[in-house]
Structure formats: structure tokens, C-alpha cells
Amino acid sequence: MAYSKLSEAEIKAAIAKTKEAIQRGQDLLKTVAEKPATKGLELVAASTPLLIEKLEADLAKLEKALAKKSTA
């Protein structure tokens, strides 16, 4: 996505939502960190770290776009 095309307010909102999603993912990992009881929970435990990684990459891009908007 071309984050630079978003307004400063939209970027700030996206940053807040992305941070919230990262926190929820981390909380979810804590919940399933102990031996998952079901196959579904095993899949959650396996896939959530990758999701968090992608969210953190998006967050870095959003923060970079915001820095460019702020200096423009």
C-alpha cells in the first residue's frame, strides 16, 4: 500500500490500529503459549508470530510515511 498517499490523520489512525493489533497478537500468544489444547489453538500459536512480524513491518513503514508528512 502507498502509505504516502494517506493524509497525516489517516496515517496516525493506522499507526494506532496497528499498534493495537500487535498488542492483541502478543496477548493472544501469551494465552496460547502453554501447550495448546486444540488443533485450532496450535495453528494460532504457529501463525501469530508471523502476523506480528508483518504488522511490525507495516508499523515501521507507517511511521516512516508519517515522518515524511511531518517534514513536508
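The values are calculated or read from the model by the stated rules, or taken from the named source; none is laboratory data. In this text, all values refer to a predicted model and were calculated from it rather than measured experimentally. Positions of Cβ are backbone-derived with ideal geometry, glycine not excepted, and every protein chain shown enters the neighbour counts.
Here is a yes/no grid of residues against (1) aromatic (F, W, Y); (2) in contact with a Pro (Cβ under 8 Å, 6 or more places away or on another chain):
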| site | (1), (2) |
| --- | --- |
| Y3 | yes, no |
| A9 | no, no |
| A14 | no, no |
| T18 | no, no |
| Q23 | no, no |
| L29 | no, yes |
| K39 | no, no |
| L59 | no, no |
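Please enumerate the residues belonging to segment 7-51 that are touching a Ser or Thr at 6+ places or on another chain (Cβ under 8 Å) and either closer than 28 Å to S70 by Cβ or not in a helix (DSSP H, G or I) (or both).
E8, G25, listed by residue number.
Taking into account only those residues within segment 1-42 that are among the hydroxyl-bearing types (S, T, Y) and in contact with a helix residue (DSSP H, G or I) (Cβ under 6 Å, 6 or more places away or on another chain), which is modelled with the lowest pLDDT? It would help to see each step written out before you state the result.
Applying the first criterion (among the hydroxyl-bearing types (S, T, Y)) to segment 1-42 yields 3-4, 7, 18, 31, 38.
Now narrow it down to the ones that are in contact with a helix residue (DSSP H, G or I) (Cβ under 6 Å, 6 or more places away or on another chain): 3-4, 18.
Details: Y3: 82, S4: 79, T18: 97.
Taking the candidates together, the pick is S4.
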* Asked: Do you know which of the residues in segment 43-71 that are small (G, A, S) and touching a helix residue (DSSP H, G or I) at 6+ places or on another chain (Cβ under 9 Å) is modelled with the highest pLDDT?
  -> A65
* Asked: Taking A65, is it loosely packed, with under 12 Cβ neighbours inside 10 Å, out of contact with any strand residue (DSSP E or B) (no Cβ under 7 Å at 6 or more places or on another chain) and among the aliphatic types (A, V, I, L, M)?
  -> no
